[in-house]
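Please treat every number below as a calculation from the coordinates, not as lab data. Since the model is a prediction, treat every value here as computed from it, not as a measurement. Glycine gets a Cβ as well: all are built from the backbone with ideal geometry, and neighbour counts include every protein chain shown.
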């Protein structure tokens, strides 16, 4: 049966890939996190580079996150999200250590005054939407 026959609605959001890191995992589990950002696109790109990317790179260094992709929507008005993070964890066990790994990496990052200042004001930069957990169909 065609997947199109099972589809009741399709929502599109044209986007551009702005940041990426890591390598795919053969047993990857995906966490998709949509955001709406509350700043200009240029300011949000700086925020991602200075605040989010160092965390994701730290999670890769901890061998928990396999890869990530960060997309920004081209036309954010009336869309479900304006920024989309696709996080590929190495496997389900790695995903299970998400909170512990986040806390561990943030301890190191808080030593950087610039990162810490962004962390303390992040609620003024973006609003989180509903997370989606997904496995790659093979």
statement: Taking Rh as the Kirkwood radius computed over alpha-carbon pairs of the stretch 75-138 and applying Stokes-Einstein at 25 °C with viscosity 0.890 mPa s, one gets a diffusion coefficient in µm² s⁻¹ of 167 µm²/s
message: On a full-extension model of 0.36 nm per residue, what is the gain between residue 106 and residue 133, subtracting their alpha-carbon distance, rounded to one decimal in nm?
response: 7.4 nm
query: Exposure proxy check: 48, 132, 107 ranked by fewest other beta carbons within 10 Å?
result: 107, 132, 48
- prompt: Sorted from fewest to most neighbouring beta carbons within 10 Å, what does the list 2, 121, 82 look like?
  reply: 2, 121, 82
Extension reserve of the residue 93-residue 23 stretch, reckoned as 0.36 nm per residue once the Cα distance is removed: 23.4 nm
- line: For the chain, the Debye formula with one identical point scatterer on each Cα and no solvent gives log10 I(q)/I(0) at q = 0.11, 0.16, 0.19 Å⁻¹ as -0.44, -0.90, -1.21
query: Given the rule -39500 (n - 2.57) for each run of at least 4 DSSP H residues, summed and divided by the residues of the chain, what is its mean residue ellipticity at 222 nm, to the nearest 500 deg cm²/dmol?
result: -8500 deg cm²/dmol
statement: With 0.36 nm assigned to each residue of separation and the Cα-Cα distance removed, residue 11 to residue 116 gains 34.2 nm
task: Please report 59, 115 as a ranked list, fewest other C-beta atoms within 10 angstrom at the top and most at the bottom.
output: 115, 59
